Structures are given as C-alpha cells and as structure tokens.
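> What follows is a structure written as structure tokens; I'll ask about it next.
The values are calculated or read from the model by the stated rules, or taken from the named source; none is laboratory data. Predicted, not measured: the structure shown is a model, and the values here were computed from it. Cβ atoms come from the backbone with ideal geometry, glycine included; neighbour counts cover every protein chain shown.
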Amino acid sequence: MCTLIQTIERIPEFSLKKMLHSSAFQQWFSNQSEHSDISNIVNDTDPATSLKEYVKKIIRKRFCGTVVKFENVQFFDSAFITTICRGSYGGKGRGAAFINSIVNAPDSEFSTPGIDICTPVTVIIGISEFEHFLKDERIRSIDLAKEDFKKIQKEFLNVPLSKRVRDNLLRFTRQIRTPIAVRSSSLFEDSLVQPFAGAFETYIIPNSHEDPEVRLNQLEMAVKLVFASLYRPEAKLYFDFTGRNINEERMAIVVQELVGTQTGDYFYPHFSGVAGSYNYYPISHTKPEDGFAVIAFGLGVYVVEGKSGHRFSPSYPDLSFGSTKDVLTNSQVKFYAVNTARKDINIQFEGEKAGLDLLDISIAENAGALKDCASVYDIENDRVVPNLNVYGPRIVDFANILQYNRFPLAESLKELLNTLEKRMGTPVEIEFAVKLPHTNNNLQKPQLYLLQVKPLIGKQLVHEIKNIVLDPDRVLLYSETALGNGVIDTITDVIMVNVSAFDRTRTEEIVPEIEWFNRKMLKANRPYLLIGPGRWGTRDKSLGVPVAWSQISNAKVIVELGLENYHLDASLGSHFFHNMTSMGTGYMAINQGNAAEIANWDVLSHAEIVEQMTFVQHYQFPSPLNIEIDGKKRVAVVWWKGNA
C-alpha cells in the first residue's frame, strides 16, 4: 500500500483516471483492506490527492498504535510511531511507544466525554545512528570521557548524518510545518533503576523557514547536539555518581511535532505540565495515592525547569494548595512560546532556548488565549473571580477548568495515571500539553496530548518512627513533609547555606560554592546533609538556589527551608525532583512558620566549622548524625547522638 502512494505521485492524471475505472483495480484495492471502496472518488476533480488520502486512511487503521519503519508507510502520522533508523529506542522512545500503543490502540481504554486524548506525530532515530557517529574517525580520535565539551560538540557537528536518516528527516520537515522538539532518549534515561532525567539536552526548532533545506539543517544540528550532550559535564557527573560507564551508554533521538496553536508570531499550547500517580506532598484529606499535577500556561519548559506552576490533585481539583495571598504572590506572570518569526536560528551558540521567548502573560490575554486559564483578584471585595472582564491582577489558576469543570481535565489525568501505573507496575509521572478551542485552530473540543511517561520511584514504606521524643539539646531538624524511608546513621557532614545572611537576590552566587563543596565531598567519598532556603534545583532564582542535580549529587539528604517572608515552594514535578526520589536521596521541607517543625541551629555548636565561604558553611560532627524518615507518615527527624 505504501508503494501505491509513490506510484500515484508519478502517474499522469489521465492514466490514473483510467486505472480508477478499471474493475480489476477496484477489486484489487478492495482486497487490500476490509470494506475498502473507491467508487466514490472515481469522479473526483483531484483523484490523485483523494486516492492518496484514502490509502493513508487504510494505513493508519492497519498500523494504529504500533511502531513502524518509515519505508513501510511513506508518511508520518500521530496514529503510529515511525522509526527511520535501526536500534534501541532509548528510554524516552520506549515511553513514547508505550503511550502510543495505549492511546491509539483500536480498543483504547480512554473515552472521557468532552476531551480528546492524543499523541503528537513522533519519529524515533534508533541508536545505530549514534553508533555511526562513534565509528567516525573524527570522533574516535578524541577521548569522549575527558575531552572539553565544546570540542566534542564541534566534532559531532562535523560528522554528517547517514543519507537514510537525513533524507527521511527532510521528508519530515516537508510534511510537518509546525515547530519541532528534538529530545534525547538514552538507554538509561527514565529507567527504573538509573534515571538520567534532565541530564541531556532538548532543542525546540521553530521550523518556520521557507526553505526546507534550511529547516533540515537546523533539525540536523539539533540531532547532533543532542548526541553530543551525552558528554556534557553535568551528564558525566551523573555517571560518576551512579557508577555507570559512560562508554556503555548510547543515545537515540525522539523527534516530535510540538503541540500548540499559532497566534501571531508565537506558537504555544494553552497549557502544559506534569502529573504523577503518587503524591509525596498530600494536603488536607488527600492521600499519596491521589496523585498530583503541576500545570502552567504555555510550553512545558516552564514546569520542567522547576518554575512555579499551578499545583492540584486530580482527585480533588478544587482543593486549594494555599491562601489567596499565596496564590496571588506565586501566580505565573510569564510563559514560554516559540517565536516562529525567528527563522534563522543558530542553536549551537544560542542554546536550547534559541527559538523560544519568555513572554508576559498579558500577550496571551490580548490574543484571547487566557480566557479559561486565569482568574482575577477583585481587590475591592478581596476575592478571586474567574472572569477576565473584571479589573485587577491576573491569577493563572485554571479555575474555569478545575473548579467549574469547563472540560474534564482532572478526571482524564486521573484515568490516565491509574491506567499507566497498572500497565507499568509502578507509580508514574507523565508530561502533557493541552490545546483548547480557539479561533486559530478550529477545534471542536479540547485535546490533551500525552508526551512522555516515566516511572516515579518511591521507597517501600516500611520504616516507622514511633513515640518520638524531640530532645531540644539533640534534635537539629524535624519535618512533617518528608520523602524517603529508613535510617541513615553514617553522616557526619553538613553543608549549609548561612540562613542569617541569606539574600534571595544573590542565589546565583551561592551555586559555585555549593558545587565546590559537592566536588570536594564526592572526591572524599563523604555523603552529606544539605540545608538551604527555598527550592533546590529551581531555574527561577527567586524561588531558591538554582543548582543542577550534578552540583549536589553527593547529598544523601536534602533540606528545603521556608524562612520568614520567604515562602517555600517545594521541588514537586521537575526533572530535579524525579532524580532525587529515584536516587534514594532523603528529602525534608521545613517551614519555620509551622510551630510543629524544628530547625534548631544550636545543635550545630557541637560540630566543627571545617570551611566557610561567603554564603556556605561546612560543618562536621565528631560522630554521625541519626536521620530517620518515616515514608508512610511523611515525617523525618535529624538528631545528634553524641554527648551534648
């Protein structure tokens, strides 16, 4: 059937019409697919186009929910995943194939009224293309484990893609005229045992240049840079920490049509986010099994990077996670979009965000895209109303969707998470994007696109803290928001940001000091307790210290502090958080406004100050601290068991 598409393109129109009237051809065509009937297109004004679309419809039905080689279909479609190169699909590729098999299967379980569950057009470049690069003399001549990363990038860019892959990517850019995401998919990435979420690079290409060769060159560069990102310094630290050999790793690529709507010069979904089937931070009457979701207007880069989004439970979507003041203070004010007017980009020098703009939320409102995603704080009446016609500060809270059920988002996420968890046999986290009906897309109802799925690992909840006595002379920390499980009684070192001198405007200056201490402790093979204000791992420097995971990789327990006038926004729903949980790193959040929680700095007087920098101090106790984490109750205590 796929060769028929190519034949139709070459046949003269008069020959095609003659063929369509042939009873022998009509019978042959009918034999290729059950209930196929082409009699209704015999007299079409454009029979070639009509016949091609009819053939594609049959192919979609035949391969729906599967992974197929491009040569077997000759076009790209969201109904199936297409491979253009041999070899393993890698972690993200396997996840994409798994999602596709469930969502697009003929007997799909998802049938929530009022919303379509979809997958984007997806292409996988198997690891054999990466191995093709490794065999090239230019790559073989350098030590990938030790060479400078800029040099590695340059050499990868000098190696051409194989003709087969390049030709097929050219066909992809000719068919897909919306922006494209190029994602890493290494063998270990998003695995159950050794997660490498966020360790490698992802590029978004506007794909808007008029010349398909230019679009292809941009896509080819993105593929090569993702290959090279396996050897970036942050990724190498992951390998050092996990004990994996970087030379054993291989990289596949997932190329996806970006989800969104074109509005002026910008392309973006109405909102994107992450959701998990297990919630480590349940509030009120919710349970961990009720799951969580974090969403933000625009591209998902905003949430995945750890910027503040709107947090809710799919089981209780109208339950507030904070006061009106908290919501107003932490509401999203900017969003990411692809600037399709930026046709000539150079991602080598401009980086992963070369095609993106960080825009004020008012731009979305002026385009009519914010209508169902935001409310207004009515200052005069001290209330929040889901009506943008009211004067006042905008709050991106998705109230029309979550509280007034504009469409069943929460119900759909709950169903998806439950199904995926059952199928994978472990709690899961998904990334998704949503398109709402808009004058620019002519949709009849909202579309929820599943982009990725990965295991969200939690320790078995077996350790129990009973009858705890908080000795004020010995207890350093006590938290009622903890993650992890068990007893750690081997740590003597504490790396701590000096809270008395903390300045939220200088968090970027703290990063190199933290990295210095982490490298020092890693080299000495000394795990440590890490303590600091705000969120660890955020890229929004106003929310905490914007470290990468590799810069704190030797921390055995991580503590986030909420100080007076510095609200704590926990690290929920980011790549950083996924790695922390999967690596078995303990976590504690302490809000000093909570009278039940304890941060007792007097206990540090029993420790020696080994080294002190401008913002960070290294304490060392003469004997190990005792750290207990009760995963079921979600409480944790750190106390010193030496002589007070």
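> Identify, from the list Trp549, Trp536, the residue that is touching a His at 6+ places or on another chain (Cβ under 9 Å) and buried (at least 20 other Cβ atoms within 10 Å of the Cβ).
Trp549
> So which of Phe156, Phe110 is of a type in the set (Phe, Trp, Tyr) and part of a helix (DSSP H, G or I)?
After applying the criteria, what remains is Phe156.
> So, of the residues in the stretch 324-333 that are surrounded by fewer than 18 Cβ atoms within 10 Å (Cβ to Cβ) and more than 15 Å from Tyr566 (Cα to Cα), which turns out to be modelled with the highest pLDDT? Quick ask: steps written out before the conclusion?
First pass over the stretch 324-333, keeping only residues surrounded by fewer than 18 Cβ atoms within 10 Å (Cβ to Cβ): 324-326, 328-329, 333.
Then drop every residue that is not more than 15 Å from Tyr566 (Cα to Cα), which leaves 324, 333.
Values: Thr324: 74, Val333: 91.
In this case the residue turns out to be Val333.
> With (1) of a type in the set (Val, Ile, Thr); (2) surrounded by 13 or more Cβ atoms within 10 Å (Cβ to Cβ); (3) outside any strand (DSSP E or B) as the list, and Thr439 as the residue in question, which single condition is left unmet?
If we test Thr439 against (1) of a type in the set (Val, Ile, Thr); (2) surrounded by 13 or more Cβ atoms within 10 Å (Cβ to Cβ); (3) outside any strand (DSSP E or B), just (2) comes out false.
> Based on what the data block shows, is Pro512 out of contact with any Leu (no Cβ under 7 Å at 6 or more places or on another chain) and without any contact (Cβ under 8 Å) to a residue 24 or more places away in the chain?
Yes; evaluated as a whole, the condition is true for this residue.
> Collect the residues in the stretch 418-436 that are in a strand (DSSP E or B) and more than 30 Å from Ala367 (Cβ to Cβ), keeping them in residue-number order.
Correct list: Val428, Glu429.
> Can you name the residue in the stretch 257-316 that is outside any strand (DSSP E or B) and among the acidic types (Asp, Glu) and is also modelled with the highest pLDDT among such residues? Explain how you work it out, then say what you get.
Here is the first cut: in the stretch 257-316, the ones outside any strand (DSSP E or B) are 258-260, 264-265, 269-270, 277-291, 298-309, 314-315.
Within this subset, residues satisfying the condition of being among the acidic types (Asp, Glu) are 265, 289-290, 305.
Working: Asp265: 95, Glu289: 87, Asp290: 91, Glu305: 73.
Restricting to residues being outside any strand (DSSP E or B) and among the acidic types (Asp, Glu), the top hit is Asp265.
> Only one residue in Leu388, Leu328 is touching a strand residue (DSSP E or B) at 6+ places or on another chain (Cβ under 7 Å), part of a loop (DSSP other than H, G, I, E, B) and not hydroxyl-bearing (Ser, Thr, Tyr), so which one is that?
Result: Leu388 is the single residue among Leu388, Leu328 that is touching a strand residue (DSSP E or B) at 6+ places or on another chain (Cβ under 7 Å), part of a loop (DSSP other than H, G, I, E, B) and not hydroxyl-bearing (Ser, Thr, Tyr).
> Follow-up question, since we're still on this one. Return the pairs, sorted by first residue and then second, in which the second residue is crowded, with 20+ Cβ neighbours inside 10 Å, the first residue lies in the stretch 429-456 and is small (Gly, Ala, Ser), the beta carbons are less than 7 Å apart, and the residues are 6+ apart or on different chains.
Short answer, once both residue conditions are applied: Ala433/Val259; Ala433/Pro269; Ala433/Ser272; Ala433/Gly300; Ala433/Tyr449; Ala433/Leu451.
> Let me ask you something else. Check Ile5 against each of (1) farther than 22 Å from Ser184 by Cα; (2) modelled with pLDDT of 65 or more and name the one condition it does not meet.
Among (1) farther than 22 Å from Ser184 by Cα; (2) modelled with pLDDT of 65 or more, Ile5 violates only (2).
> From (1) over 25 Å from Lys92 (Cα atoms); (2) touching a Gly at 6+ places or on another chain (Cβ under 8 Å), pick out the condition that doesn't hold for Ser141.
Result: Ser141 passes all but (2).
> Suppose we filter Gln447, Gln452 for residues that are buried (at least 18 other Cβ atoms within 10 Å of the Cβ) and either touching a Pro at 6+ places or on another chain (Cβ under 6 Å) or at pLDDT 95 or above (or both); which single one remains? Even if it seems obvious, please write down each step before you answer.
On the way: Gln452 fails: either touching a Pro at 6+ places or on another chain (Cβ under 6 Å) or at pLDDT 95 or above (or both).
Only one candidate qualifies: Gln447.
> Residue under question is Lys287, and the condition is that it be of a type outside the set (A, V, I, L, M) and surrounded by 16 or more Cβ atoms within 10 Å (Cβ to Cβ); does it hold?
Considered against the rule, which asks whether it is of a type outside the set (A, V, I, L, M) and surrounded by 16 or more Cβ atoms within 10 Å (Cβ to Cβ), Lys287 comes out as no.
> Anything in the stretch 76-100 that is among the small types (Gly, Ala, Ser), part of a helix (DSSP H, G or I) and over 17 Å from Phe172 (Cβ atoms)? List them, or say none.
Going residue by residue through the stretch 76-100, those that are among the small types (Gly, Ala, Ser) are 78-79, 87-88, 90-91, 93, 95-97.
Cutting the leftovers down to part of a helix (DSSP H, G or I) gives us 90-91, 93, 95-97.
The answer is Gly90, Gly91, Gly95, Ala97.
> Continuing with the same structure: Going by the conditions given, is Leu413 assigned by TED's automatic domain parsing to the domain that holds Ala369, in contact with a Leu (Cβ under 9 Å, 6 or more places away or on another chain) and among the hydrophobic types (A, V, I, L, M, F, W, C)? Spell out the reasoning first.
Values: assigned by TED's automatic domain parsing to the domain that holds Ala369: yes; in contact with a Leu (Cβ under 9 Å, 6 or more places away or on another chain): yes; among the hydrophobic types (A, V, I, L, M, F, W, C): yes.
Criteria met by Leu413.
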